[in-house]
Amino acid sequence: MNNGTRIKLYFLPTCSSTNELLKDEKYPLFSALLCETQTAGKGRWGRKWFSLSKGGIYISIKLPKEKKYQIIFPLTIIELFNEYSLATKFLWPNDVYVDQKKISGILNETIHRGHISYTISGAGINLNQSMDEFPNPLKEKATSYYIEKKRKIKKDEFVDKLILKFEENTKNSFSEIAKKLISYSLLKRGDKIIVSKRNETYEVIYEGIDEEFSLCARVGDKMLKFYSGEVLKIER
Ligand code: BTN
């Protein structure tokens with residue numbers, strides 16, 4: 001499938017993980033792979049991404065190794081849900097939320113093969129799943145478009161729009177994309193949050209996101225910067 005965009009979309013009914021399959025050399029840059037289900041969907045930090053429901057979207061895109069490409073998916077997903085009248089928020093580093101429930105997560109992987117380097121950006125988007133379809137531990141943490149709006153979206157239509165919007169967003173600079181994304185932030189300055197980084201957790205006060213896209217936080221008078229990590233809890 002190709003909608004006159006630079007991104008060429010491939011479809012498979014199922015695969016292990018769209019991020020893994022796209023590592024195959026046969027896929028050039030700007031290939032996107034969409035699968036109806038995944039048998040070994042991967043999340044960040046070695047987590048699994050529940051991918052057995054056909055109501056979800058599992059899609060990855062092979063992209064140049066440039067920082068801006070790592071933050072296009074969350075912005076694109078937020079902007080697209082807006083068009084479907086669902087207000088979603090950005091949670092650093094790469095998630096999309098409705099209130100305190102996750103509706104989409106992104107896994108970026110940078111691959112180095114000899115002289116060639118590229119990024120694979122993979123998005124899991126909860127579109128048409130009902131609450132029953134999520135396994136128990138996810139029921140409290142996840143939501144979908146269907147759960148929020150009580151109506152379904154045609155998957156093909158959503159994916160076509162997603163590709164077009166993603167492509168549009170690639171035309172902007174890193175700072176333009178970052179600025180827009182931060183304007184949708186779920187976190188507000190002064191929020192008490194728990195951030196994890198590898199095996200450590202930190203209880204901090206959120207200060208903002210800097211020009212390098214690091215999370216800036218404070219403990220007392222001490223400023224901390226997180227280049228990577230996860231926000232585990234927001235206390236308001
Ligand atoms: C996270 O929030 O931990 C990131 C989840 C990323 C899931 C997507 S689904 C499509 C792509 N293929 C994978 O195996 N993972 C990503």
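Read-outs throughout are calculated quantities, based only on the coordinates presented, and are distinct from any laboratory measurement. Quick caveat, the model's predicted, so the values are computed rather than measured. Backbone-built Cβ (ideal geometry, glycine too); neighbour counts: all protein chains shown.
Based on alpha carbons, the Rg and Dmax found for segment 101-155 are 15.6, 49 Å.
How far is helix 174-183 tilted, in degrees, relative to the longest principal axis of the Cα atoms in the chain, given as a value from 0 to 90 rounded to the nearest 10? Between helix and principal axis, roughly 70 degrees. With the convex hull constructed from alpha-carbon coordinates only, segment 173-236 shows a mean projected area of 4.4 nm² over all directions. Dipole of segment 1-94 computed with +1 at Lys/Arg Cβ and -1 at Asp/Glu Cβ about the Cα centre; of 73, 37, 7, farthest Cα towards the positive end is 73.
Segment 25-80: percent of C-alpha pairs farther apart than 18 Å? Everything past 18 Å amounts to 47 percent.
In the chain, the longest principal axis of the Cα atoms and the axis of helix 72-83 are about 80 degrees apart.
Magnitude of the charge dipole for segment 101-170, about its Cα centre and with charges confined to Cβ atoms of Lys, Arg (+1) and Asp, Glu (-1), is about 280 debye. Translational diffusion coefficient of segment 109-236 at 20 °C, 1.002 mPa s, Stokes-Einstein with Kirkwood Rh over Cα pairs, in µm²/s as a whole number. Diffusion coefficient, whole number: 120 µm²/s. Look at where the Cα atoms of segment 31-53 and of segment 94-131 average out, and the two centres are 9 Å apart. Taking Cα centre as origin and charging only the Cβ of basic (Lys, Arg, +1) and acidic (Asp, Glu, -1) residues, the dipole magnitude of the chain rounds to 140 debye.
The convex hull drawn around the Cα atoms of the chain, when projected onto a plane and averaged over every direction, covers 13.1 nm².
Computed from the Cα positions only, the extents of segment 52-188 along the three principal axes stand at 46, 31, 28 Å, in decreasing order.
Filter the GluC sites (Glu not before Pro) in segment 58-127 to those in DSSP coil with at most 15 other Cβ atoms within 10 Å of their Cβ, and list the result.
On the way: sites: 66, 79, 83, 109; in loops: 66.
Sites meeting the loop and neighbour criteria: 66.
Along the axis of the charge dipole computed for segment 130-187 (Cβ charges of +1 for Lys and Arg, -1 for Asp and Glu, origin at the Cα centre), the listed residues 173, 137, 147 are led at the positive end by 147. Computed over segment 71-144, the quotient of the alpha carbon radius of gyration and 2.2 N^0.38 Å is 1.27. Placing a label point 7 Å from the Cα of residue 113 along the Cα-to-Cβ line, the residues of segment 7-48 whose backbone N sits under 13 Å from it are 20-31. With only Cα atoms counted, segment 19-114 has Rg and Dmax values of 13.9, 45 Å. Angle of helix 155-170 to the longest C-alpha principal axis of the chain, folded into 0 to 90 degrees and rounded to 10: 60°. Length gained on full extension, residue 140 to residue 54, computed as 0.36 nm times the residue gap minus the Cα-Cα distance: 28.9 nm.
Seen from residue 76, the other residues with C-beta closer than 14 Å to its C-beta sum to a net charge of -2, counting Lys and Arg as +1 and Asp and Glu as -1.
Full extension of the segment from residue 66 to residue 224, taken as 0.36 nm per residue of separation minus the current Cα-Cα distance, would add 54.4 nm.
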